[in-house]
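The values are calculated or read from the model by the stated rules, or taken from the named source; none is laboratory data. Remember, it's a predicted structure, so these values are computed and weren't measured experimentally. Note that each Cβ is placed from the backbone with ideal geometry, even for glycine, and that neighbours are counted across all protein chains shown. Areas reflect the complete protein model, heavy atoms only, side chains present, ligands, DNA and RNA absent. Shrake-Rupley method; radii C 1.70, N 1.55, O 1.52, S 1.80 Å.
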Number of protein chains: 2
Amino acid sequence: MSNSTPATIEDVARIAEVSIATVSRAIHTPEKVANSTRLKVNQAIAITGYTTNAMARSLRLGRSNMILVVAPDIGDPNFSNILVGLENEARSHGYGVLIGHTQNDPQRGLEYLKFLNSNQAAGLILFTGILPFGHQAMTARLPPSVGVFEPVFNGGIPYVGVDDIEGARKAIDLLIAEGHRKIAFVGDSRTRLAHRRRRMGYEAGMDAAGIGADLRIVLEGDGTIESGRLAVEQLFMRDTLPSAFMCVNDQTAIGVMIGLGARGYDVPRDFSVTGFDDVPQAVFTSPALTTIRQPRTLIGKHAMALLLELLSDGQPAETEILLRPDLVVRNSVSAPSRAWR
Amino acid sequence: MSNSTPATIEDVARIAEVSIATVSRAIHTPEKVANSTRLKVNQAIAITGYTTNAMARSLRLGRSNMILVVAPDIGDPNFSNILVGLENEARSHGYGVLIGHTQNDPQRGLEYLKFLNSNQAAGLILFTGILPFGHQAMTARLPPSVGVFEPVFNGGIPYVGVDDIEGARKAIDLLIAEGHRKIAFVGDSRTRLAHRRRRMGYEAGMDAAGIGADLRIVLEGDGTIESGRLAVEQLFMRDTLPSAFMCVNDQTAIGVMIGLGARGYDVPRDFSVTGFDDVPQAVFTSPALTTIRQPRTLIGKHAMALLLELLSDGQPAETEILLRPDLVVRNSVSAPSRAWR
DNA sequence: ACGCTCTATGTAAAGGTTTACATATTTGTT
DNA sequence: AACAAATATGTAAACCTTTACATAGAGCGT
């Protein structure tokens, strides 16, 4: 039972008194096997504790049962819930999930490319909008792939994301509805589509409310807590303060609140702040952050479903799936302070 | 070059005008191949873009080049840095890392057991102290394994962790040095050795300072932010307040600070708080949390090194590696307020 | 010039699986 | 009752690699 060497299909065949072909069929295409035989095989499998040797199977089939997920940083608070969605969907279709993270290091990216080339993954889920593999990727044979959050640069790869423009609209509309007019947007200057789209949502909302360029302030950070804090400092230097900050993501918003707190201001009494993403900490900031929720588990589920479709059909049903982000109202937004009214 | 089907060792052999055996040797044992031949082979490899088919190699060798890492929750802020250490070490020895998370679901654990049984991983890194596989694991053939943070229940598996007792001592000693006497320990009642050891450190520190049982308060939570908040509430109910809270981990400490803040108290003026782990957020709480740092990347590095040793030697050099945790002083600790002096 | 050792290379088997094809058995049709 | 068709099973090849063993050639001491 707990032998030193694992049972093979031959062991099962011997005990069930059939050929190995029949065992294989009993497992994968049971309808092609007589009931009585299937029973014998199942018993033999139970006795031996047989599990298919995945290496041999993948070798024979020419493809593995693993999906590679590459993210720039798996510590990203956005990541883990998406992964849950990805994994559940994959597992329920007999696939396993392999996680890689590049830390934005091209060298690491290359290692994953080699990994893919050695046929160890049947498909690829890419978190970065940019293929992390440098230009080699252009010529390389990539397996069926799906992007998460944004399209992959060389096109042809479908992706699943969130409607960032709509999400940003929900944030800006809330601020405007509360009575804010002079609203700063603290952005992320890295070239990610999601960030640009959030900015577009901001502009569109301001447009719709008829708020002119003179009341708009746009600051570019890099999406970190520190860059949020810095944005606030800049504004105090320039002495052109808005009554509200709409931030490109929660990290930035946290930084903004820290910066405001350090200067002795109270959120939301003195300034309102919104984030984007609804990372787990957003509940625990003080005040709790009003933000836009990404349906993370759902994103993962859809991305994997799309990939599995690709793996079986070869053709993507859709090339873009945008999910609806929701406004989560907590305590970082209120009407502007009297100074503004 | 970017053909539809990847190059095999035979393609290389044909172009280099040698046998496939020579190609294999040129790759894995170059010293056994004549210089001129090696050159030809390398050129052929460059031309074809050949990469070893990992499935075939693993099948032939009887072991894969992947290490499975199983954690209860990869979203745990402690996890990602350890993973960096694990990955770097593995990669530099030609191994890849596969990540699994069980979410404490026995069903998931079983899936990973099946995965291991199908020979898809050469080794196992286990984050939970308890084998997540239920009792089947007792009889199952597990590959060489290493635990992280604490020993695996059925013994015989070496592990890498941190000296929790020493770490806890550093926290409690700091509080005592600041002048605190009545110090509450907010623990985690789940049966993890690390938690028990932190409590032991607390008791040892109180003993060493000659502080009697009447000044000790021990509360059991479950390591979450919410349980920290609840602990504070309980204390206010009972009306037996300490001047400082030593928390079993950072999450709990954050909860304690939130609870204290909600009641209008200031940390560290009214109460001091310490955490354990130094999770990334600890810098951004207000006040920034004084805590005990786990050398996470190092833990990962050591754990993987130990596993690789196991894989080659078969014998563990050591069965327990405990790293030294460091005190990180930030702003959540000060001398007790006047009421206590 | 002979035989011995050493080095470089080739041949072929093995690893566990899936599946096309061949064969044997059963069922159904007339 | 005979034959065709359908069903069930077996045989053997293929997937790609590594490596034990065989072989051939070179170098060297006598």
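What the table below lists for this structure:
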| read-out | value |
| --- | --- |
| Every residue from the stretch A:75-100 that is hydrophobic (A, V, I, L, M, F, W, C), more than 9 Å from chain B (Cβ to nearest Cβ) and more than 20 Å from residue B:87 (Cβ to Cβ) | A:90 |
| The stretch B:92-116: number of residues that are among the charged types (D, E, K, R) and either touching a residue at least 12 places away in the same chain (Cβ under 8 Å) or closer than 12 Å to residue A:91 by Cα (or both) | 2 |
| Count of residues meeting criterion [within 23 Å of residue B:176 (Cα to Cα) and surrounded by fewer than 24 Cβ atoms within 10 Å (Cβ to Cβ)] in the stretch B:232-257 | 7 |
| Within the stretch B:237-249, considering residues that are without any contact (Cβ under 8 Å) to a residue 60 or more places away in the chain and under 24 Å from residue B:198 (Cα atoms), the one farthest from the other protein chains (Cβ to nearest Cβ) | B:240 |
| Scan of the stretch B:75-123 for residues that are polar (S, T, N, Q), open to solvent by 30 Å² or more (accessible area, probe 1.4 Å) and either more than 16 Å from DNA strand C (Cβ to nearest atom) or under 19 Å from the mean Cα position of the chain (by Cα) (or both), ordered by number | B:81, B:88, B:92, B:103, B:104, B:107 |
| In the stretch A:200-225, the residues that are in contact with a helix residue (DSSP H, G or I) (Cβ under 8 Å, 6 or more places away or on another chain) and open to solvent by 80 Å² or more (accessible area, probe 1.4 Å) | A:200 |
| Scan of the stretch B:303-337 for residues that are open to solvent by 70 Å² or more (accessible area, probe 1.4 Å), in contact (Cβ under 8 Å) with a residue 60 or more places away in the chain and within 23 Å of the chain's Cα centre (by Cα), ordered by number | B:318, B:319, B:320, B:324, B:329 |
| Any hit, the stretch B:52-74, residues being over 29 Å from residue A:51 (Cβ atoms) and either at pLDDT below 95 or within 13 Å of chain A (Cβ to nearest Cβ) (or both) | no |
| Subset of the stretch B:13-36 that is away from DNA strand C (no atom under 11 Å from the Cβ) and closer than 15 Å to residue B:57 by Cβ - its residue that is nearest to the other protein chains (Cβ to nearest Cβ) | B:27 |
| Selection count where residues are within 14 Å of chain A (Cβ to nearest Cβ) and among the hydroxyl-bearing types (Ser, Thr, Tyr), scope the stretch B:282-328 | 3 |
| Residue within the stretch B:87-96 that is assigned by TED's automatic domain parsing to the domain that holds residue B:304 and basic (Lys, Arg) present | yes |
| Residue check, residue A:264 within 14 Å of chain B (Cβ to nearest Cβ), in contact (Cβ under 8 Å) with a residue 24 or more places away in the chain and not aliphatic (A, V, I, L, M) | no |
| Filter result for residue B:228 (modelled with pLDDT of 95 or more and surrounded by 19 or more Cβ atoms within 10 Å (Cβ to Cβ)) | yes |
| Residues that are among the β-branched types (Val, Ile, Thr), in contact with a helix residue (DSSP H, G or I) (Cβ under 6 Å, 6 or more places away or on another chain) and over 22 Å from residue B:96 (Cβ atoms), drawn from the stretch B:19-46 | B:20, B:23, B:33, B:41 |
| Count of the stretch B:242-252 residues which are touching a Phe, Trp or Tyr at 6+ places or on another chain (Cβ under 7 Å) and either of a type in the set (S, T, N, Q) or within 18 Å of residue B:336 (Cβ to Cβ) (or both) | 6 |
| Residue in the stretch A:132-140 that is assigned to a loop (DSSP other than H, G, I, E, B), at pLDDT below 90, more than 17 Å from residue A:305 (Cα to Cα) and within 11 Å of another protein chain (Cβ to nearest Cβ) present | yes |
| Filtered residues of the stretch A:1-28 (kept if more than 13 Å from DNA strand D (Cβ to nearest atom) and within 23 Å of residue A:95 (Cβ to Cβ)) | A:6 |
| Those residues of the stretch A:37-48 which are more than 11 Å from DNA strand C (Cβ to nearest atom) and open to solvent by less than 50 Å² (accessible area, probe 1.4 Å), in sequence order | A:37, A:41, A:44 |
